[in-house]
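Novice: Sending over a structure as structure tokens; questions will come in a sec.
The values are calculated or read from the model by the stated rules, or taken from the named source; none is laboratory data. None of the values given here were measured: they were computed from a predicted structure. Cβ: placed from backbone, ideal geometry, glycine included. Neighbour counts: every protein chain shown.
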Amino acid sequence: MMRLNIVGLFIVILVIVSMVSADICGPPSGTCATQGVAGCIERCKICGYTTGYCKTFLLFFPTCKCDI
């Protein structure tokens, strides 16, 4: 039971870290969760990509992915 709680906590920390990005063109962020697909596409265009899409991580946490 304790091991399950530690794994759950690790996953939550991993998701939070992946969603917080100081640089808009940095690692995947929580743009999809806060601004939706339109926000993701706008973010990707600002960073020089053609388009962007939201990819769901662990069924709950959508992250923005950019594509050329």
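Novice: Take the residues in the stretch 41-51 that are in contact with a strand residue (DSSP E or B) (Cβ under 7 Å, 6 or more places away or on another chain) and farther than 14 Å from Gly26 by Cβ; name whichever of them is surrounded by the most Cβ atoms within 10 Å (Cβ to Cβ). Spell out the reasoning first.
Specialist: Of all residues in the stretch 41-51, those in contact with a strand residue (DSSP E or B) (Cβ under 7 Å, 6 or more places away or on another chain) come to 41, 43-44, 47, 49-51.
Right, trim to farther than 14 Å from Gly26 by Cβ and you get 41, 50-51.
On the way: Ile41: 20, Thr50: 10, Thr51: 13.
The qualifying residue surrounded by the most Cβ atoms within 10 Å (Cβ to Cβ) is Ile41.
Novice: Scan the stretch 39-51 residue by residue and report those that are within 9 Å of Ile68 (Cα to Cα) and under 12 Å from the mean Cα position of the chain (by Cα).
Specialist: Those that are within 9 Å of Ile68 (Cα to Cα) and under 12 Å from the mean Cα position of the chain (by Cα): none in the stretch 39-51.
Novice: Same structure, new question: Go through (1) in a helix (DSSP H, G or I); (2) under 12 Å from the mean Cα position of the chain (by Cα); (3) at pLDDT 65 or above for Leu14 and report which single condition fails.
Specialist: (3)
Novice: Tell me which of these Gly26 doesn't satisfy, since it passes every other one: (1) surrounded by 11 or more Cβ atoms within 10 Å (Cβ to Cβ); (2) within 11 Å of the chain's Cα centre (by Cα); (3) modelled with pLDDT under 75.
Specialist: (1)
Novice: So, one more: Under the condition of being exposed (fewer than 13 other Cβ atoms within 10 Å of the Cβ) and of a type outside the set (Phe, Trp, Tyr), which residue from the stretch 56-68 is farthest from Gly36 (Cα to Cα)? Break it down into steps so the answer makes sense when it comes.
Specialist: Here is the first cut: in the stretch 56-68, the residues exposed (fewer than 13 other Cβ atoms within 10 Å of the Cβ) are 56, 58-60, 67-68.
Next cut, of a type outside the set (Phe, Trp, Tyr) only: 56, 58-59, 67-68.
On the way: Thr56: 12, Leu58: 17, Leu59: 16, Asp67: 16, Ile68: 19 Å.
The qualifying residue farthest from Gly36 (Cα to Cα) is Ile68.
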